[in-house]
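Here the structure comes first, spelled out in structure tokens, and everything after it is commentary.
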Ligand SMILES: Nc1ncnc2c1ncn2[C@@H]1O[C@H](COP(=O)(O)OP(=O)(O)OP(=O)(O)O)[C@@H](O)[C@H]1O
Ligand SMILES: [Mg+2]
């Protein structure tokens with residue numbers, strides 16, 4: 001028998017008190033961590049007065065290990081790579097714990113979450129890329145906060161571009177200077193996000 005169990009309800013209670021944008025950006029952070037990703041499409045829209053649909057889709061190689069979609073703290077290759085953001089195998093579960101329901105559809109299968117249950121199908125694979133689609137209990141105001149956050153933190157694309165530029169070892173110093181502030185905001189927002197919920 002496993003040493004620990006996780007209470008989804010308890011996790012949801014802790015995470016639901018955090019700003020919606022801090023949960024939302026974990027999914028963008030994950031897509032940015034994948035070297036195979038060139039394009040990330042984020043969408044958010046109200047579906048009724050109490051809920052919003054939040055989706056992040058990328059064009060990468062997809063989940064290498066689909067069990068990492070639901071395993072908290074599993075060791076990952078990311079932990080040995082200082083150039084990526086992911087460390088704890090936790091960020092995506094934080095937003096998942098708050099979602100009413102949703103799914104992750106990737107190259108290694110499709111997993112659906114509804115209430116506290118999970119259903120996985122290895123047969124239903126995407127050719128390429130990953131989409132994380134979540135029904136979030138977000139108000140109009142929270143949706144506006146998420147949108148505002150992405151508008152005022154354009155750094156994910158800058159970070160991606162910087163990473164690609166570094167890979168090619170062709171860094172335009174002026175361009176980096178211009179984006180440095182955005183990047184600083186992105187990273188400080190990320191560390192704020194990791195502070196324990198109140
Ligand atoms: N868009 C994606 N494409 C490919 N793999 C992904 C994607 N999103 C998540 N993953 C995989 O799922 C794992 C879990 O993501 P999660 O955000 O929970 O943890 P993490 O990024 O490793 O660490 P952190 O808790 O610091 O964010 C990742 O380590 C990665 O292997
Ligand atoms: Mg992550």
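Taken together, the values in this text are just the output of simple stated rules run on the coordinates, not laboratory data. Bear in mind the structure is a predicted one, so any value in this text is a computation, not a measurement. So basically every Cβ, Gly included, is an ideal-geometry build from the backbone, and we count neighbours across all protein chains shown.
A few notes on this one:
- Gain on full stretching of the segment that runs from residue 125 to residue 8 - 0.36 nm per residue minus C-alpha separation: 39.5 nm
- The peptide list 6-16, 136-146, put in order of mean Cβ contacts within 10 Å with the highest first, becomes 136-146, 6-16.
- Between the alpha-carbon centres of segment 1-36 and segment 49-118 there is a gap of 8 Å.
- Projected label distance in nm at residue 140 and residue 72, using a 7 Å step from Cα toward the beta-carbon: 3.5 nm
- Whether segment 1-153 is rounded, prolate or oblate, judged on the alpha carbon gyration tensor where a/c under 1.5 counts as rounded: rounded
- When each of the peptides 126-133, 24-31, 77-84, 103-110 is scored by the mean number of other C-beta atoms lying within 10 Å of its residues, the order from highest to lowest reads 24-31, 103-110, 126-133, 77-84.
- Cα convex hull of segment 47-120 - mean projected area over all directions, nm²: 5.7 nm²
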